[in-house]
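Heads up: the structure comes next, in structure tokens.
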């Protein structure tokens, strides 16, 4: 699952560095990222798909730390952004503007102007109204808005309701029939250049089958648009590739994915784009937390830790499973919940499970926390967000400082009256 987080002589290590050492130096809760894992996952996908020379746009929404973005940019990755802030991060991390695509259903005028000024690869357009707005802003600023319409192929990715994005009832994109009309509108609007077609089905997807089904639906449209529009040169198949969150779960092998989708991409003569996020970052990170109390109960034991739902929201939001292991290896087990200090019954990281038999002061590692972990953190209960550390072999570096109480108050004021 997380090959760069392993026990060495009974002690959990991040690459070659003991996790206990990281906790002692940087405190807890603490996100730890393996640079080697990030690079390995990126290369595995790029190599599997090399027959179509894909441009991989890393989905910054999965993990927006500058060190993570820069690591992948150095490997050749572009960026899939969904806000002006993510675009700003990508540029600050060194991602070239012509390797950035901008998705999202609610782009503001300010965000569009910023993206036009930077000269991004293209906008992933979600509606006719957005086409009109980009056209107006392009005309107003004297720039060209390159666009790829997001087509919703009505394919069920068999994932959580909140992370399914390619079905007819989802807010994303336009259906195939409506897309044909939207492309005609885009071709007529001033200031626009039709660059390609985009799709994204949801996440996490553990089989290539939904992609195959979707590509069979959109390929004829791509072929027709390519004939009519000389600027139509891109097919972005989105992201959503899943990872193993459980020990008994088989990960999606990028070679199996490639074997299934490549036959549908060959012969199109379009630049293929991909937008992986979780596949690259998910198992590249862990969340380290310290046990504050053991609270017995007639039904089970509560392991109260210093990390909380404001640090890792996935378990209460998605009922997501994360494996939890002791930093000092042990085979002893208890039955219960791992819970945080926030005043919500939904503040948990595991419920009704066999857990390591830890004691007060011990360290636990929550696995598969590199994607949709820190990026979804908040300051609920006025808790500062965790620190983030990156490791590679024997090297470690703090890549985001822990928030202080003063940080929590920055920007606030009390009215003079």
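The values are calculated or read from the model by the stated rules, or taken from the named source; none is laboratory data. Because the structure is predicted, anything quoted here is derived from the model rather than measured. With ideal geometry, Cβ positions are generated from the backbone for all residues, glycine too; neighbour counts draw on all protein chains shown.
Residues in segment 109-131 that are surrounded by fewer than 21 Cβ atoms within 10 Å (Cβ to Cβ) and either assigned to a helix (DSSP H, G or I) or in contact (Cβ under 8 Å) with a residue 40 or more places away in the chain (or both): how many?
Number of matching residues: 9.
Please state which one of 272, 303 is more than 30 Å from residue 342 (Cβ to Cβ), in contact (Cβ under 8 Å) with a residue 60 or more places away in the chain and either crowded, with 16+ Cβ neighbours inside 10 Å or touching a strand residue (DSSP E or B) at 6+ places or on another chain (Cβ under 8 Å) (or both).
Numbers: 303 fails: more than 30 Å from residue 342 (Cβ to Cβ).
Being more than 30 Å from residue 342 (Cβ to Cβ), in contact (Cβ under 8 Å) with a residue 60 or more places away in the chain and either crowded, with 16+ Cβ neighbours inside 10 Å or touching a strand residue (DSSP E or B) at 6+ places or on another chain (Cβ under 8 Å) (or both) holds for just one of 272, 303, which is 272.
Taking strands (runs of 3 or more DSSP E) that fall entirely within segment 1-105, which contain at least 3 residues that are out of contact with any helix residue (DSSP H, G or I) (no Cβ under 9 Å at 6 or more places or on another chain)?
5-8
Is it the case that segment 144-158 has a residue that's assigned to a strand (DSSP E or B), farther than 19 Å from residue 81 by Cα and either modelled with pLDDT under 95 or in the same structural domain as residue 320 (by TED's automatic domain parsing) (or both)? Even if it seems obvious, please write down each step before you answer.
Initially, segment 144-158 is screened for residues assigned to a strand (DSSP E or B), giving 145-151.
Then drop every residue that is not farther than 19 Å from residue 81 by Cα, which leaves none.
Within segment 144-158 (the criterion being assigned to a strand (DSSP E or B), farther than 19 Å from residue 81 by Cα and either modelled with pLDDT under 95 or in the same structural domain as residue 320 (by TED's automatic domain parsing) (or both)), the answer is no, since none of the residues qualifies.
Residues are listed down the side, and each one gets a yes or a no for (1) surrounded by 14 or more Cβ atoms within 10 Å (Cβ to Cβ); (2) within 24 Å of the chain's Cα centre (by Cα):
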position: 332; (1), (2): no, no
position: 346; (1), (2): no, yes
position: 352; (1), (2): no, no
position: 376; (1), (2): yes, yes
position: 411; (1), (2): no, no
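Suppose we filter segment 254-287 for residues that are in a loop (DSSP other than H, G, I, E, B) and within 22 Å of residue 68 (Cα to Cα); how many remain? Walk me through it before giving the result.
Of all residues in segment 254-287, those in a loop (DSSP other than H, G, I, E, B) come to 266-270, 275-277.
Narrowing further to those that are within 22 Å of residue 68 (Cα to Cα): 275-277.
Qualifying residue count, segment 254-287: 3.
Here is a yes/no grid of residues against (1) buried (at least 17 other Cβ atoms within 10 Å of the Cβ); (2) out of contact with any strand residue (DSSP E or B) (no Cβ under 6 Å at 6 or more places or on another chain):
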site: 288; (1), (2): yes, no
site: 296; (1), (2): no, yes
site: 307; (1), (2): yes, no
site: 329; (1), (2): no, no
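Can you tell me which residues in segment 78-108 are touching a residue at least 40 places away in the same chain (Cβ under 8 Å), surrounded by fewer than 23 Cβ atoms within 10 Å (Cβ to Cβ) and under 15 Å from residue 58 (Cα atoms)? Can you show your working first?
To start, the set of residues in segment 78-108 that are touching a residue at least 40 places away in the same chain (Cβ under 8 Å) comprises 78, 80, 99-101, 103, 105.
Filter again for surrounded by fewer than 23 Cβ atoms within 10 Å (Cβ to Cβ), leaving 99, 105.
Listed by number, the list holds a single entry, 99.
Which residues, counting only those in segment 394-417, are part of a strand (DSSP E or B) and in contact with a strand residue (DSSP E or B) (Cβ under 7 Å, 6 or more places away or on another chain)? Full working, then the answer.
Of the residues in segment 394-417, the ones part of a strand (DSSP E or B) are 395-400.
Once the filter is applied, which keeps residues that are part of a strand (DSSP E or B) and in contact with a strand residue (DSSP E or B) (Cβ under 7 Å, 6 or more places away or on another chain), segment 394-417 yields 396, 397, 398, 399, 400.
To keep it simple, each residue is scored yes or no on (1) in contact with a strand residue (DSSP E or B) (Cβ under 7 Å, 6 or more places away or on another chain); (2) within 16 Å of residue 42 (Cα to Cα).
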residue	(1), (2)
58	yes, yes
62	no, yes
75	no, yes
94	no, no
99	yes, yes
115	yes, no
123	yes, no
128	no, no
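Taking the condition in the same structural domain as residue 80 (by TED's automatic domain parsing), under 17 Å from the mean Cα position of the chain (by Cα) and closer than 18 Å to residue 376 by Cα, does residue 273 pass?
Considered against the rule, which asks whether it is in the same structural domain as residue 80 (by TED's automatic domain parsing), under 17 Å from the mean Cα position of the chain (by Cα) and closer than 18 Å to residue 376 by Cα, residue 273 comes out as no.
Since residue 245 meets every condition but one in (1) in contact with a strand residue (DSSP E or B) (Cβ under 8 Å, 6 or more places away or on another chain); (2) closer than 30 Å to residue 339 by Cβ; (3) at pLDDT 95 or above, which condition does it not meet?
(1)
Identify, please: which residue in segment 378-393 is in a loop (DSSP other than H, G, I, E, B) and surrounded by fewer than 22 Cβ atoms within 10 Å (Cβ to Cβ) and is, among those, farthest from the chain's Cα centre (by Cα)?
Ranking the candidates gives 393 first.
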